[in-house]
Amino acid sequence: MTTPHSVAVLGLGRMGHTIATRLTAQKRDVVGWTRSGRASTAVRTTDDPHEAVAKADIVLLALFDGPACRQVLDDVRDSLRADTIVLNTSTIAPDEATELARRIGPLYVHAPVLGSVPAAADGALEILTAADPVVYERVRPILETLGTVHPVEDAATAAALKLIANSSLAGSVLALRDSLQQADALGLSRARVLDILELGHLGSLVARKRPLLTGRPAAPNAKAQFTIGALAKDMAVLAAASNVPLRCGAVLADAAADPEADITAAAMAPAVEDAVLEPLHAYIRGHATGDPAHFREAFLPSAHIEGIREGAFVSWRLDDYCALFPGHPAPDEPVRARRIDSIDVQGTVATATMTLQHGPDRFTDVFLLVRTEDDWRIANKAYHRHS
């Protein structure tokens, strides 16, 4: 088989356009097509996807998700030559990759990429590639023009590994957000904090995103290299594929009003409003003082407090719970400790967890909060006692 030289790039979004531009600059015969009909000054384009694929040795997919890949391939299937390779760089679910590989056969190459627009422009992508060995030799020159190839045994594994890689990015973005929020609460200089973070495990992310993290205006017509919407989509796909809860997906989806914003916007999200925290602070004051008035301030009158006490399940109404407190601090209050571990706000509801260290016992409290017409209140609490 001869080495392919004609490439149809289907999907000219941020990555697709950059890939097509890179291949064109490397003297490949490239034609691009996008569902939006957007033209390009750097890449030869066509309005007809059938025209794009009819003469192509390789059809390279750079599409948003699995359904888009299926739709586009269904549309152009009859226009593909018998020896055309389908090279899919899109981030999709493992079962979607398996299905596409089954439908296309040995000429399907699943090759999701690690790296964003700058890496694609420089030919520095990391490419997870599942391909038939003979087909791989045909497509290898194109892949190596784009970056470094990492062979993977099958399409599903390549797709799954790409999602896991993106989950680590999502975790890093949210870790950076938490660090910046804590630093702001401590009154630290943003520039100084970024200097220190750049020395540690978040260094690469901070270095790449530093202009945005310091609030510098973006260059005219600058586009996000990787959007919150795309990363949130990937996390939703991962959670569905693994059937394991993935909190960062929901946090990212709620991180910014504009899903087209760069992922940096998620790291810049403001801290939780004081109004949401106030009932939790009132709850802490109740334990610190032993005064049940603070619990009545913290909870809705209809609230229940539930858990296991002396081996039996208990469900106290608020009045019953308040009756447990004597109106003065516990004798060992100076050495007791309490901290809010997490809070997740979704519109008018929120969940929170808290750790209480009371003498030899440690409690984990889990709260459901709601926003009423006037303020936030705790609707219910469940707890676990660690002896």
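The values are calculated or read from the model by the stated rules, or taken from the named source; none is laboratory data. Bear in mind the structure is a predicted one, so any value in this text is a computation, not a measurement. Neighbour counts are summed over all protein chains in view; Cβ atoms, including those assigned to glycine, are modelled from backbone coordinates with ideal geometry. Just the protein is used for accessible areas: all its heavy atoms, side chains included, with ligands, DNA and RNA removed. Shrake-Rupley method; radii C 1.70, N 1.55, O 1.52, S 1.80 Å.
Brief remarks follow.
- Two-decimal log10 I(q)/I(0) for the stretch 98-251, as the Debye equation yields it once each C-alpha is a single scatterer, q = 0.13, 0.15 Å⁻¹: -0.75, -0.93
- The residues neighbouring Lys55, those whose beta-carbon lies less than 11 Å from its own, together hold a net charge of -2 under the Lys/Arg +1, Asp/Glu -1 convention.
- Residue-normalised accessible area of the chain, expressed per residue, 1.4 Å probe, Å²: 50 Å²
- Within the accessible area of the chain (1.4 Å probe), percent carbon and sulfur: 54 percent
- Beta bridges per DSSP, both residues in the chain: antiparallel share near 60 percent.
- Partner lysines whose Cα lies under 22 Å from the Cα of Lys27, excluding those fewer than 8 positions away in the same chain, are identified as Lys55.
- Cβ-based net charge around Trp316, under 11 Å, with every Lys or Arg adding one and every Asp or Glu removing one: 0
- Relative contact order (percent, whole number), the chain, Cα cutoff 8 Å, 6+ residue spacing: 10 percent
- With θ taken as phi - 60° and the Karplus curve 6.51 cos²θ - 1.76 cosθ + 1.60 applied, the whole-hertz 3J(HN,Hα) list for the stretch 259-271 is x, 8, 5, 4, 4, 4, 4, 5, 6, 9, 4, x, 5 Hz, x standing for glycine and proline.
- Ellipticity estimate at 222 nm from DSSP helix runs (n ≥ 4, -39,500 (n - 2.57)) divided over the chain, nearest 500: -12500 deg cm²/dmol
- Net charge, Leu356 excluded, C-beta distance under 15 Å - Lys, Arg +1, Asp, Glu -1: +3
- Accessible area in the full protein assembly, largest first, 1.4 Å probe, for Lys27, Lys162: Lys27, Lys162
- Two-decimal Rg/Rh across the stretch 102-164, once Rg and the Kirkwood Rh are taken from alpha-carbon atoms: 0.97
- Structural size metrics of the stretch 26-180, computed from C-alpha coordinates, are Rg and Dmax of 15.9, 54 Å.
- Sites matching GluC sites (Glu not before Pro) across the stretch 104-183 that sit in DSSP coil, with at most 15 neighbouring C-beta atoms within 10 Å: Glu153
- Structure-derived Cα Rg over 2.2 N^0.38 Å - corresponding label in [x] 1.27; [y] 0.97; [z] 0.93: [x]
- Using a Gaussian network model of the chain in which every pair of alpha carbons under 10 angstrom is joined by a spring, one finds that among Ala54, Ala97, Ala236 the greatest mean-square fluctuation is at Ala54.
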